[in-house]
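**Q** Questions regarding the structure given below will be posed in turn.
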Amino acid sequence: MDFSSDTAAPAHPSVLEALAKANEGPAASYGNDAVTAELRGVLENVLETEDFDFWLCASGTASNALALSCFCPPTGAVLCHAGAHIAVDERGAPEFFSGGGKLQLLGGPQGQISEDALRDALARINHDFVHETPAHVLSLTNLTENGTAYPAETVRHYAALAHETGLDVHLDGARLANALVHTGATPAQMSWKAGVDVLCLGLTKTGAIGCEIIILFGGARKKFAELKARAKRSGHMPPKMRFLAAQALAMFEDGLWLDLAATANQRARQVADVLCRKPSTELTQPVHGNEVFVRLDDDLVRRMRDAGATFYPWPDGSYRLVTSWNTPQDTIDALSGLVD
């Protein structure tokens, strides 16, 4: 019973098949290959636009840090939620990649920035006051680190507020597919149509081996040359990029990435339903995606641990259980047997 993380799940067989296919013979380096070129056409269909440039990375931390470094100068700051992945899980990578850019942490329930907190932060930006660090970027996360999903209309509203104040908008979409399945939004509605300038579209947690796509939309495309330079300098210019592109092609074919996310989301709802049969169980966050945050009594925790279940405590005293595309029904049934 592994509920540790969706990164613990195996890669989907279609991804492995795509890698084997891409491995036939030589191909040009650094993204100048036919597989990466094919991916561009697929992304045009997925995103419903041709007005973008993209870059492939193997990790979400690299994609976030690279993307933000192109928009946040060393003397600037990024607005994000206090619990955002870039703030609590990336060991200062955004600050490091930007050469000293600062993160300004905002509050809000369920891992989402509140509108009041955002408006207050935007109102305090003063580029002429040398003693403070002005924000240059708003970073949103979908799903959030609390497993909740921003609706597309909220992303659009927040992006509009940010743009009015001269900020660019970054969306950390490590679990974007899970958010799309929950909200019913399309990738376009949750990104460029909502005013997102740069999207880090994650496929690793959804079923790939290691594939994250940095996507620059519209006017942000002027940053593409800088993005490539920073990728090279930091060691994130994959020589054999076709193997990252092949993973993405497999995930996007016939909407596989959304199907896998739907399975993971469904399993999470099942986990929550099973655990909540016990009166002492308390969900601390709504289950919008594939993560369950829950308070459990000590006896149930002990029984789950003894049965080999893997899950982790959360700072607020709850526990986090994560499902994936590969969480079998047998695992849900075994968990149910422990609760009854």
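The values are calculated or read from the model by the stated rules, or taken from the named source; none is laboratory data. Predicted model, so just to flag it, every value in this text is computed and none were measured. Neighbour counts run over all protein chains shown; Cβ positions are idealised from the backbone, glycine included.
**Q** Could you check segment 153-179 and list, in sequence order, the residues that are surrounded by fewer than 23 Cβ atoms within 10 Å (Cβ to Cβ) and within 26 Å of ALA264 (Cβ to Cβ)?
**A** GLU153, THR154, ARG156
**Q** Right, next: Among the residues that make up segment 268-283, is at least one of them surrounded by 15 or more Cβ atoms within 10 Å (Cβ to Cβ), touching a Phe, Trp or Tyr at 6+ places or on another chain (Cβ under 9 Å) and part of a helix (DSSP H, G or I)?
**A** Yes, segment 268-283 contains at least one residue that is surrounded by 15 or more Cβ atoms within 10 Å (Cβ to Cβ), touching a Phe, Trp or Tyr at 6+ places or on another chain (Cβ under 9 Å) and part of a helix (DSSP H, G or I).
Yes/no matrix, rows are residues, columns are (1) assigned by TED's automatic domain parsing to the domain that holds LEU249; (2) in contact (Cβ under 8 Å) with a residue 12 or more places away in the chain; (3) in contact with a Lys or Arg (Cβ under 7 Å, 6 or more places away or on another chain):
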site	(1), (2), (3)
ALA8	no, yes, no
LYS21	yes, yes, no
ALA27	yes, yes, yes
TYR30	yes, yes, no
GLU48	yes, yes, no
GLY76	yes, yes, no
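**Q** Inspect segment 304-320 for any residue being surrounded by 17 or more Cβ atoms within 10 Å (Cβ to Cβ), among the basic types (Lys, Arg) and assigned to a strand (DSSP E or B) and give the result as yes or no.
**A** yes
**Q** Please work out which residue is farthest from ASP333 (Cα to Cα), limiting yourself to segment 226-283 and to residues that are among the polar types (S, T, N, Q) and not assigned by TED's automatic domain parsing to the domain that holds LEU216.
**A** SER280
**Q** A further question on this structure: Could you please find all residues in segment 92-124 being part of a loop (DSSP other than H, G, I, E, B), in contact with a Ser or Thr (Cβ under 6 Å, 6 or more places away or on another chain) and buried (at least 18 other Cβ atoms within 10 Å of the Cβ)?
**A** To start, the set of residues in segment 92-124 that are part of a loop (DSSP other than H, G, I, E, B) comprises 92, 98-101, 107-108, 112-114, 124.
Then keep just the ones that are in contact with a Ser or Thr (Cβ under 6 Å, 6 or more places away or on another chain); that gives 98, 108, 112.
Once the filter is applied, which keeps residues that are part of a loop (DSSP other than H, G, I, E, B), in contact with a Ser or Thr (Cβ under 6 Å, 6 or more places away or on another chain) and buried (at least 18 other Cβ atoms within 10 Å of the Cβ), segment 92-124 yields SER98, GLN112.
**Q** With the requirement that a residue be out of contact with any Phe, Trp or Tyr (no Cβ under 6 Å at 6 or more places or on another chain), outside any loop (DSSP other than H, G, I, E, B) and not basic (Lys, Arg), what does segment 23-42 give you?
**A** Within segment 23-42, ALA34, VAL35, THR36, ALA37, GLU38, LEU39, GLY41 meet the criteria.
**Q** Follow-up question, since we're still on this one. Which condition number does HIS131 fail, the rest of (1) surrounded by fewer than 17 Cβ atoms within 10 Å (Cβ to Cβ); (2) part of a helix (DSSP H, G or I); (3) of a type outside the set (Lys, Arg) being met?
**A** (2)
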